[in-house]
Amino acid sequence: MVAGGKIPTHGRNARSLHSNRRTGEVAHTGVGHDVSNRIEGLDALRGLAILLVMLRHAWPETFGGGGIVGVVVFFTLSGYLITAILHRSITRHGKVRYGRFYRDRAFRLIPALVLMLVGITIVSLATNLLGDRGDLLRTWLVALSYTGNLPFDHGSPAINHIWTLATEEQFYLVWPVVLTLGLRWRKLWWVIGVSGLAILAVCAASLVSYA
């Protein structure tokens, strides 16, 4: 079984993973596990991405394209750092430790998400400013299931922005498995290439459906 099995630690793919251990030392593993050699420039890029998104929401006519640039930068950084965490797990333990990986993601994401949902619920029950009082259950289900980027009714419009979080969480579910399969089959680049083509196909289908 892939989830629990050891990853081969020999061959071309394993050598490429072991050749640069510093790559796995640029991220934060979760709760209370800071690592050395943190790349401060990545924090600067993250701050710039957040600033672009905030400017887009504050002045949409002036910074219309800034928001999507910020989101793309954030997605790229997240992919790089998550891959670094998975790389470190493989090089140290010979496998992806899925339990710890998903536990750390939950500790980082769920508390803030629940706090936001509580705030939305309080405002909706008290004022019903968005007319979403009757959609609160759906709002909670969509937010906590990370399906806010799928084309169906999401409940309150107050959570329209969590499509980015949903996309990132879905990446967390898929990428560790893809990486593990590539290493187990010793065809890492082939698996990554096929995954890239699949992503492009989904993007193209999305553009066609919204055209």
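The values are calculated or read from the model by the stated rules, or taken from the named source; none is laboratory data. Since the structure is predicted, the reported quantities are computational estimates derived from the model, not experimental observations. Because the Cβ atoms are built from the backbone with ideal geometry, glycine has one as well, and the counts that use them run over all protein chains shown.
So here's what we get for this one:
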| read-out | value |
| --- | --- |
| All positions within the range 102-152 that are among the β-branched types (Val, Ile, Thr) and either farther than 17 Å from Glu169 by Cα or more than 19 Å from the chain's Cα centre (by Cα) (or both) | Val118, Ile120, Thr121, Ile122, Val123, Thr127, Thr139 |
| Within the range 160-198, tally of residues that are closer than 25 Å to Val53 by Cβ, surrounded by 11 or more Cβ atoms within 10 Å (Cβ to Cβ) and free of Cβ contacts under 8 Å to residues at least 40 places away in the same chain | 6 |
| Where Leu115 falls short, out of the listed (1) surrounded by 11 or more Cβ atoms within 10 Å (Cβ to Cβ); (2) on the phi < 0 side of the Ramachandran plot; (3) out of contact with any helix residue (DSSP H, G or I) (no Cβ under 8 Å at 6 or more places or on another chain); (4) not β-branched (Val, Ile, Thr) | (1) |
| Thr91 being out of contact with any strand residue (DSSP E or B) (no Cβ under 9 Å at 6 or more places or on another chain), loosely packed, with under 12 Cβ neighbours inside 10 Å, modelled with pLDDT of 50 or more and among the β-branched types (Val, Ile, Thr) | no |
| Flag if Arg56 is closer than 18 Å to Thr180 by Cα and either of a type in the set (Val, Ile, Thr) or touching a residue at least 12 places away in the same chain (Cβ under 8 Å) (or both) | no |
| Selection count, the range 155-211, where residues are within 22 Å of Ala106 (Cβ to Cβ), in contact with a helix residue (DSSP H, G or I) (Cβ under 6 Å, 6 or more places away or on another chain) and among the polar types (S, T, N, Q) | 1 |
| Of all residues making up the range 71-101, the number that are assigned to a helix (DSSP H, G or I) and more than 14 Å from the chain's Cα centre (by Cα) | 10 |
| Positions within the range 183-211 being part of a loop (DSSP other than H, G, I, E, B) and among the hydroxyl-bearing types (Ser, Thr, Tyr), in sequence order | none |
| Test: residue in the range 160-175 that is over 22 Å from Leu86 (Cα atoms) and aliphatic (A, V, I, L, M) | yes |
| Unmet requirement for Leu130, which otherwise passes all of (1) over 29 Å from Gly79 (Cα atoms); (2) assigned to a helix (DSSP H, G or I); (3) of a type in the set (A, V, I, L, M, F, W, C); (4) touching a residue at least 24 places away in the same chain (Cβ under 8 Å) | (2) |
